[in-house]
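The values are calculated or read from the model by the stated rules, or taken from the named source; none is laboratory data. In this text, all values refer to a predicted model and were calculated from it rather than measured experimentally. All Cβ positions, glycine included, derive from the backbone under ideal geometry; neighbour counts span all protein chains shown. Calculation scope for accessible area: heavy atoms of the full protein, side chains included, ligands and nucleic acids excluded. Shrake-Rupley method; radii C 1.70, N 1.55, O 1.52, S 1.80 Å.
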Amino acid sequence: MTFADTDVPHLPAGVRLKSDAVRGTVMLLAPERAFTLNPVAVKVLGLVDGERSVGAIVAALAQEFNAPPEAIAADVIELLDELARKRVVER
Amino acid sequence: MSAERPPLAPPIGLLAELTHRCPLRCPYCSNPVELERRHGELDTASWQRVFDQAAQLGVLHVHLSGGEPTARADIAPLTGHCARAGLYTNLITSGVAPAGRRLPALADAGLDHVQLSLQAADAACADRIAGRAGAHAEKLAFAAAVTQLGLPLTLNAVIHRGNIGEVEALIALAVELGARRLEIAHAQYYGWALANRAALMPRREDVSRSVAAVEAARRRLAGTLVIDLVVPDYFARHPKACMGGWGRRLLNVTPSGEVMPCHAAATIPELTFWSVHDHSLGDIWRRSPAFEAFRGTGWMREPCRSCDRREQDWGGCRCQALALAGDAAATDPACVKSHDHDRVAALALAEASAQMPPYHYRSFDRRSGA
C-alpha cells in the first residue's frame, strides 16, 4: 500500500540514521543491513520524525527547494514506499 | 607482478565472540571445536579498546555474540561503550539465563537490536536439539521481554534434518512473538556441524519443501515479517558469497582476541591470525596475512579466475574448500564447476537417506560430547 498525504511515517525501533565520518555519507542502519543514502533521501528522512505527515514533509521540501509540491510528492512517496517494503520506514 | 587493486573499503560489521561459554549444546554450533575457556577471554578494557578502534575504522554493526554473550558480567557496560562510540549493537543470544535477567540493563545501555535463536517451534524438539531441558520455554519468555522493552526482535533458526518439518511452524511462531525478521538458516557444515553432518543433513525433497514454504510466507506476510533464507550449500549450483567475500565486509574477534575474516577461519591451519593484543584493528584489517590470504580475486585459480561470477560469490567458502576438497584455495565444492561437486552432492544424498546417528553435542571436552 502506497503512502497517502495524511500518513505519518516514522523509523521503527532498531532503525536509525548515522552520519558516517569514515565514508563521508549518511547511512540508514537497520538490523543486519546498512543503506547508503543519496542526498535527497537524507533530506526526506531528516524530516521523518513520527509527527510530520507526508504532506507536511513535501511542503517543507517544496519550500526549501522553491519548487511546486506536486513536482516533489511523487519522488517522496516512491522513496518512502521503497523503504517501507524494506521495513525500515513505517506509517 | 600483481594487478592494481582498488582501495580497500572499510568493514561493515564486527562479530565479537565475547565468550565461548553457553548454556546450550547445539550440535551445529558455529564456534570452533576447540573452545576457548574463560581464563583466556579478553578483559573489559581490551574489548572497549577494540570497539573504539572498530568505530574509527568504519565498522557500523557490532554483533555481540558468543557462546552466550550475556554469560559475561560486563555485557551491559560493553554494550553502553559501543553505543557511545556510535556503533549499532546487535545482541546474538540464546535467551537462556542469565540473558533475561540482564536484558533490562542492556536496553538501558542503548542496545539497538536482539537476535534470538530458536531450535524448533515444538518445545520438546527444541530442547532435544539444544541439549537442555526447559530452554525453549525460557526463550519464549525472553522474546516477550524483548518486545515489551520496545526492542526490535529477529529470530534465527538453524534448519537441519531434526527440525526441517518445523519451518512453517517457526514462521507462525515468529509472527506470534512479534518478531520483525526471521532467519531460516540451513546449517552450514563447519566445526561442530561438520562433525555432526550425518545427523544434520536433510533430504533434498525436504529442502525444496522448506524453501517453497518460505517463499509462500514471504508473499503472505509482506510488510509484517521479513524472512531471510540461507539455503544449504550441498544442494546448490553456485556457492554462497561467504562473509560477503573474504576480508571485504566483516571481522571476527575471538574470545581471546584473535582477529579472523570469518568465525571458521581457524580451521585453515596455514593462516596466521594477528591478535588485538599486538596490533590495532585497522592494521589487522589492512595488513594481516590472514586477511590478505584470500582477499579479492588475485589468489584464485581456474575455474574461479576466469569465472563471470568471481566478484559475486568471491569463490565461495575457503573453509569448505579445505574441508571438502582438501585445499583452501580450491573452488568451493558447492559450485558446479568444482571437480568435487558431484562427489559432495552424492555424499549429502547418502547421509540424508541413512539412519540418523545420535548428536555429538557441543562441549568444552570433545570426548564427552555425545
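Give the residue that is farthest from B:Ala187 (Cα to Cα), with candidates limited to residues of segment B:242-290 that are part of a loop (DSSP other than H, G, I, E, B) and aliphatic (A, V, I, L, M). So, considering only residues that are part of a loop (DSSP other than H, G, I, E, B) and aliphatic (A, V, I, L, M), the one farthest from B:Ala187 (Cα to Cα) is B:Val276.
One residue is enough: does segment B:105-116 have a residue meeting the conditions surrounded by 20 or more Cβ atoms within 10 Å (Cβ to Cβ) and more than 14 Å from every other protein chain (Cβ to nearest Cβ)? No, because not a single residue in segment B:105-116 is surrounded by 20 or more Cβ atoms within 10 Å (Cβ to Cβ) and more than 14 Å from every other protein chain (Cβ to nearest Cβ). Screening segment B:1-18 for residues that are in a loop (DSSP other than H, G, I, E, B) and at pLDDT 95 or above and picking the one that is farthest from the other protein chains (Cβ to nearest Cβ) gives B:Leu18. Can you tell me which residues in segment B:19-61 are in a loop (DSSP other than H, G, I, E, B), more than 24 Å from B:Leu194 (Cβ to Cβ) and touching a residue at least 40 places away in the same chain (Cβ under 8 Å)? Answer for segment B:19-61, where residues must be in a loop (DSSP other than H, G, I, E, B), more than 24 Å from B:Leu194 (Cβ to Cβ) and touching a residue at least 40 places away in the same chain (Cβ under 8 Å): B:Glu41, B:Leu42, B:Gly58, B:Val59, B:Leu60.
The number of residues in segment B:125-179 being within 26 Å of B:Ala105 (Cα to Cα) and among the charged types (D, E, K, R) comes to 4. Of all residues in segment B:91-103, those being on the phi < 0 side of the Ramachandran plot, open to solvent by less than 10 Å² (accessible area, probe 1.4 Å) and in contact (Cβ under 8 Å) with a residue 40 or more places away in the chain number 5.
Pairing each residue of segment B:285-296 that is closer than 14 Å to B:Ala9 by Cα with any residue that is open to solvent by 20 Å² or more (accessible area, probe 1.4 Å), provided the two are 6+ apart or on different chains, yields C-beta distances under 6 Å for B:Arg295/B:Trp246. A Cβ distance below 8 Å, combined with a sequence gap of six or more or placement on separate chains, defines the contacts here; from segment A:61-73, residues that are more than 19 Å from A:Thr2 (Cβ to Cβ) reach residues that are open to solvent by less than 30 Å² (accessible area, probe 1.4 Å) and of a type in the set (Gly, Ala, Ser) in the pairs A:Pro68/A:Ala62. Check segment B:277-286 and report whether any residue there is buried (at least 21 other Cβ atoms within 10 Å of the Cβ) and closer than 23 Å to B:Arg310 by Cβ. The answer is yes, given that some residue of segment B:277-286 is buried (at least 21 other Cβ atoms within 10 Å of the Cβ) and closer than 23 Å to B:Arg310 by Cβ.
Consider segment B:32-71 and keep the residues that are among the β-branched types (Val, Ile, Thr) and away from chain A (no Cβ under 14 Å). The one that is surrounded by the fewest Cβ atoms within 10 Å (Cβ to Cβ) is B:Thr44. Return yes or no: is A:Val8 out of contact with any strand residue (DSSP E or B) (no Cβ under 9 Å at 6 or more places or on another chain), under 30 Å from B:Ala107 (Cβ atoms) and not acidic (Asp, Glu)? Answer is yes for this residue. Residues that are open to solvent by 30 Å² or more (accessible area, probe 1.4 Å) and within 14 Å of another protein chain (Cβ to nearest Cβ) were ranked within segment B:136-174; the one that is farthest from B:Gly100 (Cα to Cα) is B:Gly150. Quick one: in segment B:326-367, of everything that is open to solvent by less than 50 Å² (accessible area, probe 1.4 Å) and of a type in the set (Val, Ile, Thr), which residue is modelled with the highest pLDDT? Applying the filter and picking the extreme gives B:Thr331. Of all residues in segment B:165-205, those that are polar (S, T, N, Q) and over 18 Å from A:Glu32 (Cβ atoms) total 1. Any idea which residue in segment B:77-90 is nearest to the other protein chains (Cβ to nearest Cβ), counting only those that are open to solvent by less than 10 Å² (accessible area, probe 1.4 Å) and over 12 Å from B:Ala105 (Cβ atoms)? Of everything passing the filter in segment B:77-90, B:Tyr88 is nearest to the other protein chains (Cβ to nearest Cβ). Restricting attention to segment B:311-335, the residues that are farther than 13 Å from B:Cys242 by Cβ and in contact with a Phe, Trp or Tyr (Cβ under 8 Å, 6 or more places away or on another chain) add up to 1. Residues in segment B:66-111 that are closer than 18 Å to A:Ala30 by Cβ and within 17 Å of the chain's Cα centre (by Cα): B:Thr89, B:Asn90, B:Leu91, B:Ile92.
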